[in-house]
Amino acid sequence: YQARNFMRDEMRVGDTVFFYHSSCEVPGIAGIATVASAPYPDPTQFDKKSEYFDPKATKEVPRWILVDVKFERDPKRHLPLDEIRTIKGLEGM
């Protein structure tokens, strides 16, 4: 829910964001992107054939939100989560 809330309430077109890989052996930042759209309901939540179908979601009250992003650049290298945690200024991230 936290990621959904950030996308819905905080992200704005033009914001720079990290493309983060979490479902992998070494989670971390794998790219840099820009938010390219305002938040909108994820259409897969309404599709009964989708693995992301959510029976509690309605078009009037969607549960899942997304934003489109535009690739900007690769970081110089994959930045692992363990290393991110040691960078001053990113403690609250």
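The values are calculated or read from the model by the stated rules, or taken from the named source; none is laboratory data. Worth saying up front: this structure is predicted, and the values here are computed from it rather than measured. Cβ atoms come from the backbone with ideal geometry, glycine included; neighbour counts cover every protein chain shown. Areas reflect the complete protein model, heavy atoms only, side chains present, ligands, DNA and RNA absent. Shrake-Rupley method; radii C 1.70, N 1.55, O 1.52, S 1.80 Å.
Among what's in the range 28-60 and is outside any loop (DSSP other than H, G, I, E, B) and without any contact (Cβ under 8 Å) to a residue 24 or more places away in the chain, pick the residue that is farthest from T86 (Cα to Cα).
Checking each candidate, the answer is F46.
Among the residues of the range 61-81 satisfying the criterion of being within 20 Å of V13 (Cβ to Cβ) and free of Cβ contacts under 8 Å to residues at least 40 places away in the same chain, which is farthest from the chain's Cα centre (by Cα)?
P62
Give me the residue from the range 61-70 that is in a loop (DSSP other than H, G, I, E, B) and open to solvent by 70 Å² or more (accessible area, probe 1.4 Å) and, out of that set, nearest to N5 (Cα to Cα).
Among those that are in a loop (DSSP other than H, G, I, E, B) and open to solvent by 70 Å² or more (accessible area, probe 1.4 Å), it is W64.
Could you grab me the full set of residues in the range 30-45 that are more than 29 Å from L79 (Cα to Cα) and open to solvent by less than 40 Å² (accessible area, probe 1.4 Å)?
Passing the criteria: only Q45.
Taking the criterion of being part of a loop (DSSP other than H, G, I, E, B), aliphatic (A, V, I, L, M) and open to solvent by less than 70 Å² (accessible area, probe 1.4 Å), would at least one residue in the range 71-79 satisfy it?
There is no residue in the range 71-79 that is part of a loop (DSSP other than H, G, I, E, B), aliphatic (A, V, I, L, M) and open to solvent by less than 70 Å² (accessible area, probe 1.4 Å).
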